[in-house]
Amino acid sequence: MKNAGIGCGLFFVMSIIIFLVLPEKTAGSALGYAFLFGLVCSIVSLAVKRFEDYKWFAWGGSWILAILLGFVAPIKVDNPKSKAEMRGDVAAKKKSKAGKKADAGKKDGASAVGSNVPQKPAQKPKRTLEQALAELDGMIGLKEVKAEIHKLVDYTKIVQARKKQGLKVPSISYHCVFTGNPGTGKTTVARILGDIYRELGILKSGHLIETDRSGLVGSYVGQTALKTNKLIDSALDGVLFIDEAYALAGGGKSDYGQEAIATLLKRMEDDRDKLVVVVAGYSKEMRAFLDANSGMRSRFNRYINFPDYSAEELAAMFRMRAKKNQFTLAPDLEEGLVKLMKKVTRHPDPTFGNGRFVRNLFETSVERQAMRLASLKNPTKEQLMTLTLADVEVKKGIQDEKEPTLQEVLAELDQLIGMKSVKEEVKKMAEFCQIAKEREKAGMKNAKISYHCVFTGNPGTGKTTVARIMAKVFKALGILEKGHLVETDRSGLVAKYVGQTASKTNEIIDSALGGVLFIDEAYTLVSGGQNDYGQEAIATLLKRMEDDRDRLIVIVAGYSGEMKRFIDANPGLSSRFTRYIHFPDYTASELADMFRMFARRNHYVLSAEMNRYLNASMAYLTKNKDKNFGNGRYVRNLFEKAVERQAGRLTNMPDRTPEMLKTLELKDIGIRIKKPAPKTTPPAKKSAPPAGK
């Protein structure tokens, strides 16, 4: 044991000396050889007793031989790895596993929206500013959205140039409000915006974190702030996109959504140089959401509205999806695709999916094509690639819905009471448009015509009703795609805060694209003077009337004198509104006919007395009318009061017959006819007695 201890001690000392004196690779090899020789010597010493006499010579010779072999034949180690390399391999394996999980999540349709665990941004090659803007410009439609983003980029560049020159720069809020219906590209533009902000130096990463109420609001007290902060932390140096943000304010003041809003506002202030927030949702709901908290208005002052896609744009999306997936459209589908999309978008619907609808329609079409080809034994490559009109299936009933013809729409106009001059003007316009369309088909040029109109007249003279019929006329003639009517007034166009009127006006206009925008009492837009926000609404309206002249018809309405002053207030208005239609007040006989129409529609009949005196009664009731007289509205109110009076009159009658229940009397409209007193013959005068009697 004593010799073994001495041997181990000497081995340790020699090892240190060798490592200090010899190169690392040689020293390692020498120690390896020395260990092997030492092992052999130990085994021999146990088996041969006389080895004890030569042990020091053997051990010394072993060390000398080991050192020589270390120089001459160093031991080779295949693919040696340092600790740093080993750590790198472990990290690579972890990254590989994470990548596989991410891929699996993508296959399963997993999304970061509503997830409780913040998702780290995927590492992708960073796009340049030019590439990001090129992708934006390459998107289908969204003309106004693109213009707003380009305006923001140009403005930011100038601000940065001023900063470099040491000049004062205004504070800019990069937070945005995206309004619009589902599937209009809000998330895609938000992702592009993140890249733009990164390339402009506003954000370091520019990644996008998507969420909604479920990703911010907890289920118990105290959880919401933690949950919201955790998600915001994952979005730092990037963009936090909150879809359907109005849902945060939907539960009232005691709802946890208010806590999420408060946390968000605080972090937007604390991390204002590291965080950009984009909130999105329906236009009306988003306005209510921003009004729910005063801090919202001060932080979100950049509004971008995303309009619904037109039928042509939806058709272009379908073609793009087909091309990306190596499909071609058969001639019948190529020819009928736009027509089909027009039928789908005929009636405005805020829940319409836009781009999502196209994606679902394409996927369904591919499935139907597969079912159609399944019966073929060996379909050709061309058959496998071709989609036909029969493969495209839309919601049941849409394609079979009958559109009214021009004759049917004009017949509806003729059924209106009175308005002879108005009907003539509308028919004249319809005839002109019809001939212009025929000339266009024949390859002839047409004179440019403005379809925008000014309707003048007192309230209740049928302006809105005629505007709705005119929208149908333009649809039947193929001038408008949808032919719907969007009604508004000053309150629907003008906002309460600086910079919001243009956005609000654009939202209304976007909803009217493909139809008619009817602005009642339009003269109120100029009633506030030059500094009023109404001027901003007019400027926005004029620009959109030019930009969307093939997709929008505007009708402004109001009192005759006020509308003349309104049109004269802006040269742009007088140049665009050149067609005037005046709506006269209804005559007494026309008002009486309108009353009869209300009664007939509601299953009432007029008594013989009421029928006889109704025209005269209307003349009596309206003899003192002024410009605020309601015309048709007055008659509707009069009819409703008559029904109430009839009910009060019959309540105390014990024996009510069906005839009594449906009959309106003259006294039910507040008129009583004074009947003349019956004529009586005067008593005969007594003749004077004869003389002498």
Item to complete: Would you pull out the residues with amide H under 5 Å of VAL605's amide H, same chain only if 5 or more places away, H placed 1.01 Å from N?
Response: THR663, LEU664
Worksheet, complete the sentence: Expressed as a percent, the accessible surface of the stretch 185-297 that is carbon or sulfur, using a 1.4 Å probe and the full set of protein chains, is 48 percent
Response to the item:
In Å², rounded to a whole number, the accessible area per residue of the stretch 178-269 with probe 1.4 Å is 36 Å²
Discussion item. Using the Cα centre of the stretch 372-505 as the reference point, and only Cβ charges (+1 on K/R, -1 on D/E), how large is the resulting charge dipole? Debye, rounded to the nearest 20.
Written reply: 340 debye
Fill in: Flagged links, alpha-carbon separation over 28 Å, of LYS126/LYS146; LYS623/LYS667; LYS441/LYS463; LYS475/LYS627
LYS441/LYS463; LYS475/LYS627
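Is the shape of the stretch 493-619 best called rounded, prolate or oblate, per the rule: a/c under 1.5 gives rounded, else a/b larger than b/c gives prolate, else oblate, with a ≥ b ≥ c the square roots of the Cα gyration tensor eigenvalues?
Details: a/c = 2.80, a/b = 2.36, b/c = 1.18.
In terms of gyration-tensor shape, prolate.
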Practice prompt. Post the alpha-carbon centroid distance, the stretch 618-652 to the stretch 197-253, in whole angstrom.
Written response: 57 Å
Worksheet item: So who's got an amide H within less than 5 Å of the one on CYS176, skipping anything under 5 residues away but keeping other chains? H placed 1.01 Å off N, in plane.
Response: VAL277, VAL278, VAL279
Worksheet, complete the sentence: From most to least accessible, 1.4 Å probe, no ligand or DNA/RNA atoms counted, MET444, MET268 line up as MET444, MET268
Worksheet, complete the sentence: Between LYS151 and THR388, Cβ-based FRET efficiency (R0 41 Å, step 0.05) works out to 0.40
Discussion item. Just to be sure I understand the curve: with the Debye formula and one point per C-alpha of the stretch 172-317, what is log10 I(q)/I(0) at q = 0.11, 0.19, 0.21 Å⁻¹?
Written reply: -0.40, -1.14, -1.35
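Report the relative contact order of the stretch 553-654, percent, no decimals, based on alpha-carbon pairs under 8 angstrom and at least 6 residues apart. Intermediate results must be reported in sequence, preceding the final value.
Values: 36 pairs, mean separation 28.4, N = 102.
Worked out over the stretch 553-654, it gives 28 percent.
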Worksheet item: What are the residues whose amide H is under 5 Å from the amide H of GLY418, where those residues sit 5 or more places off or on another chain and H is modelled from the backbone?
Response: none
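So what is the accessible area of the stretch 451-598 per residue, in Å², with the probe set to 1.4 Å? Could the numbers behind the result be given before it?
Details: 5420 Å² over 148 residues.
Counting only protein heavy atoms, the per-residue value for the stretch 451-598 is 37 Å².
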Worksheet item: Given a cut-off of under 8 Å on Cα pairs at least six residues apart, what relative contact order in percent is computed for the stretch 400-477?
Response: 57 percent
Item to complete: Taking a cut-off of 19 Å between Cα atoms, list the aspartates and glutamates near LYS423, but don't count ones fewer than 8 places away on the same chain.
Response: GLU408, GLU412, ASP414, GLU431, ASP585, GLU590, ASP593
Fill in: Whole-Å distance, taken between Cα centres, linking the stretch 449-464 and the stretch 319-382
41 Å
Fill in: Magnitude of the charge dipole, the stretch 205-273, Cβ model with Lys/Arg +1 and Asp/Glu -1, debye to 20
260 debye
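For the pairs LYS143/LYS274; LYS437/LYS472; LYS230/LYS274; LYS151/LYS543, note any where the Cα-Cα span goes beyond 19 Å. Write out the running numbers ahead of the final one.
Numbers: LYS143/LYS274 29 Å; LYS437/LYS472 16 Å; LYS230/LYS274 15 Å; LYS151/LYS543 16 Å.
In this structure, LYS143/LYS274 exceed 19 Å between Cα atoms.
The values are calculated or read from the model by the stated rules, or taken from the named source; none is laboratory data. Predicted model, so just to flag it, every value in this text is computed and none were measured. With ideal geometry, Cβ positions are generated from the backbone for all residues, glycine too; neighbour counts draw on all protein chains shown. When the accessible area is computed, the model is the full protein with side chains, heavy atoms only, and any ligands, DNA or RNA have been set aside. Shrake-Rupley method; radii C 1.70, N 1.55, O 1.52, S 1.80 Å.
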